[in-house]
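This report concerns only the one structure given below.
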Amino acid sequence: MSTLLGVDLVGRVVLVAGGGPVAATKAAALVADGALVHVVSPIACEALLDLVEEPTVTWSRREVRLDDVAGTWFVVAATGDSRTDRELCARATDERVFSVCAGAAADGTARNPAVADHAGVRVGVVSLGRPDPARVVSVRDALALHLATGDLDLRQRRRRPGAPGRVVLVGGGPGATDLLTVRGRRALAEADVVVTDRLGPTGVLRTLPTSVEVIDVGKTPGHHPVPQHEINRILVEQAQRGRTVVRLKGGDPFVYGRGGEEVLACRAAGIAVEVVPGVSSALSAPAAAGIPLTHRGTVAAIHVVSGHEPVDPSALAVVAAERATLVVLMGVSALADHVRDLRAAGAADDLPVAIVEDATTATQRVTTATLRDVSAVADTAGVRSPAVIVVGRVADPSLLLPTGVAAGDTR
């Protein structure tokens, strides 16, 4: 039975005997762990030649000797000569130095695990009994994937007194939980506090441990119970308590998400802040509805605008001339105003419009109409936020992929 140990080799001398790819791989891992690596080999492969340029690596260009073991903390025997490797590991054992024999694991006293690092935790996998490297790597890869995407609790349990917290702005995507990025899911697994909007993948909050504090600062059209300056204060205050704070937003933090304001507030308070990009609804909602925002032979540009404000006249002109697709976020309440402005700019009455509600979720619905009729059609259908409005020939029902939607119909 093997005993797994975590060995600190930072600043300690280790011997790597050999100059081939196996030796290079072992040496690279040791360098990454902070060891002082002494490579002994008359030749070195290209990967090892790159490595010996590191300040923590020395290279003796000669055959290895048994007395090279003296004064080392760890030995890797990877010369490719089984007799030399076996004798080197035997000498290491005599010197009470652990060793790895690359060619025959049984000749050494240690095994290099296949490792995966995640959220300050290192997971290592080794074989029991007869070595099985392929199986070890396969299991390591599966564990790494689970660490990155599984519903794990990766919060730090012990912190230094007075240690600062941090804030992570996570773009949650358009709504479907499985469109949250791997990095965003990892941030949530490390969170002590989640400050969340009503949009985005709020279902993922149910998978968090009950001890994770969830602060809802969600806004609805015309109703902002928690103003932005108060959200900024909450983020800073929670981080100043030494906590890891995730600000979970719908879409992308920097696309009409006021993420820039939150980053500035954290930096002004001396709080470390990270931004995890998200899948913006400006792009994902049309895609989920089968609408290609650009389409060869139809249009090659996109204008993304906020529906809370009038569209810039220059953008209106380009869209009216059908040289760009218009994507309007948060524009349902002002739909009639945008239609009026587009028609005043010269947009054709038959210009197709599609409205995508609750994109990527089970309640997604797409409403299509012409520019002339879309306001009335939307009223009749009871279109509500959150929704993304697409104006342009790409919204023609005949182009919708993978299925078509008849004009005026909803789905």
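Mind listing just one residue for me: the one in the range 202-215 that is assigned to a loop (DSSP other than H, G, I, E, B) and among the polar types (S, T, N, Q) and, of those, surrounded by the most Cβ atoms within 10 Å (Cβ to Cβ)? If you could, list the steps in order and put the result at the bottom.
Going through the range 202-215, the residues assigned to a loop (DSSP other than H, G, I, E, B) turn out to be 208-212.
Keeping just the survivors that are among the polar types (S, T, N, Q) gives 210-211.
On the way: 210: 6, 211: 8.
Top of the filtered list is 211.
Sort out which residues of the range 58-105 are part of a strand (DSSP E or B) and of a type in the set (Gly, Ala, Ser), and write them in order of number. Talk me through it step by step, then tell me what you get.
From the range 58-105, those part of a strand (DSSP E or B) are 58-60, 74-77, 98-101; that's our starting set.
Of everything in the range 58-105, those that are part of a strand (DSSP E or B) and of a type in the set (Gly, Ala, Ser) turn out to be 60, 77, 99.
Name the pairs: first residue in the range 47-62 and more than 11 Å from residue 27 (Cα to Cα), second residue at pLDDT below 90, Cβ to Cβ under 6 Å, at least 6 apart or on different chains?
Partner pairs satisfying both residue conditions: 59/52.
If we scan the range 216-227, do we find a residue that is part of a loop (DSSP other than H, G, I, E, B), outside the structural domain of residue 362 (by TED's automatic domain parsing) and aliphatic (A, V, I, L, M)? Break it down stepwise before answering.
Step one: list which residues in the range 216-227 are part of a loop (DSSP other than H, G, I, E, B), which gives 217-219, 221-222, 224-227.
Next cut, outside the structural domain of residue 362 (by TED's automatic domain parsing) only: 217-219, 221-222, 224-227.
Filter once more, keeping what is aliphatic (A, V, I, L, M): 217, 226.
Within the range 216-227, one or more residues are part of a loop (DSSP other than H, G, I, E, B), outside the structural domain of residue 362 (by TED's automatic domain parsing) and aliphatic (A, V, I, L, M).
With 241, 247 as the choices, which residue is of a type in the set (D, E, K, R), farther than 15 Å from residue 390 by Cα and modelled with pLDDT under 95?
Answer to the selection: 241.
Could you look through the range 240-254, keep only residues that are of a type in the set (Lys, Arg) and crowded, with 19+ Cβ neighbours inside 10 Å, and pick out the one that is nearest to residue 195 (Cα to Cα)? Don't jump to the end; show me each part of the working.
Initially, the range 240-254 is screened for residues of a type in the set (Lys, Arg), giving 241, 243, 247, 249.
With crowded, with 19+ Cβ neighbours inside 10 Å added as a condition, the list becomes 243, 247, 249.
Numbers: 243: 12, 247: 5, 249: 9 Å.
Taking the candidates together, the pick is 247.
Check 336, 344, 378, 301 and return the single one that is small (Gly, Ala, Ser) and either surrounded by 14 or more Cβ atoms within 10 Å (Cβ to Cβ) or in the same structural domain as residue 202 (by TED's automatic domain parsing) (or both).
Values: 336 fails: either surrounded by 14 or more Cβ atoms within 10 Å (Cβ to Cβ) or in the same structural domain as residue 202 (by TED's automatic domain parsing) (or both); 344 fails: either surrounded by 14 or more Cβ atoms within 10 Å (Cβ to Cβ) or in the same structural domain as residue 202 (by TED's automatic domain parsing) (or both); 301 fails: either surrounded by 14 or more Cβ atoms within 10 Å (Cβ to Cβ) or in the same structural domain as residue 202 (by TED's automatic domain parsing) (or both).
From the options 336, 344, 378, 301, the qualifying one is 378.
Name every residue in the range 175-201 that is surrounded by 17 or more Cβ atoms within 10 Å (Cβ to Cβ) and among the hydrophobic types (A, V, I, L, M, F, W, C), in order of residue number.
Within the range 175-201, 176, 179, 180, 187, 188, 189, 191, 193, 194, 195, 199 meet the criteria.
Please go through the range 16-45 and pick out each residue that is touching a Leu at 6+ places or on another chain (Cβ under 8 Å) and of a type in the set (A, V, I, L, M, F, W, C).
Within the range 16-45, 16, 17, 23, 24, 27, 28, 30, 31, 35, 37, 39, 40 qualify.
Residue 25 versus (1) within 16 Å of residue 113 (Cα to Cα); (2) touching a Lys or Arg at 6+ places or on another chain (Cβ under 8 Å): which is the lone unmet condition?
(2)
Considering the range 106-117 alone, what residues qualify as being surrounded by fewer than 19 Cβ atoms within 10 Å (Cβ to Cβ) and not in a loop (DSSP other than H, G, I, E, B)?
106, 115, 117
Residues in the range 298-344 that are of a type in the set (Gly, Ala, Ser) and under 23 Å from residue 379 (Cβ atoms): how many?
To start, the set of residues in the range 298-344 that are of a type in the set (Gly, Ala, Ser) comprises 300-301, 306-307, 314-315, 317, 320-321, 324, 331, 333-334, 336, 344.
Going one step further and asking which of them are under 23 Å from residue 379 (Cβ atoms), we end up with 306-307, 331, 333-334, 336, 344.
Residues meeting the conditions: 7.
Only one of 31, 57, 40, 52 is modelled with pLDDT under 90, surrounded by 15 or more Cβ atoms within 10 Å (Cβ to Cβ), more than 20 Å from residue 133 (Cβ to Cβ) and in the same structural domain as residue 79 (by TED's automatic domain parsing); which? Walk me through it before giving the result.
Numbers: 31 fails: modelled with pLDDT under 90; 57 fails: modelled with pLDDT under 90; 40 fails: modelled with pLDDT under 90.
After ruling out the rest, the residue left standing is 52.
When the residues of the range 255-274 are filtered to those that are over 14 Å from residue 166 (Cβ atoms) and aliphatic (A, V, I, L, M), which remaining residue is surrounded by the fewest Cβ atoms within 10 Å (Cβ to Cβ)? Give the steps one after another, and end with the answer.
Residues of the range 255-274 over 14 Å from residue 166 (Cβ atoms): 255-261, 264, 268.
If we keep only those that are aliphatic (A, V, I, L, M) as well, we get 255, 264, 268.
Values: 255: 19, 264: 12, 268: 10.
Result: 268.
The values are calculated or read from the model by the stated rules, or taken from the named source; none is laboratory data. Small disclaimer: the values here were computed from a predicted structure and weren't measured. In this analysis, Cβ positions are derived from the backbone assuming ideal geometry, glycine residues included, and neighbour counts consider all displayed protein chains.
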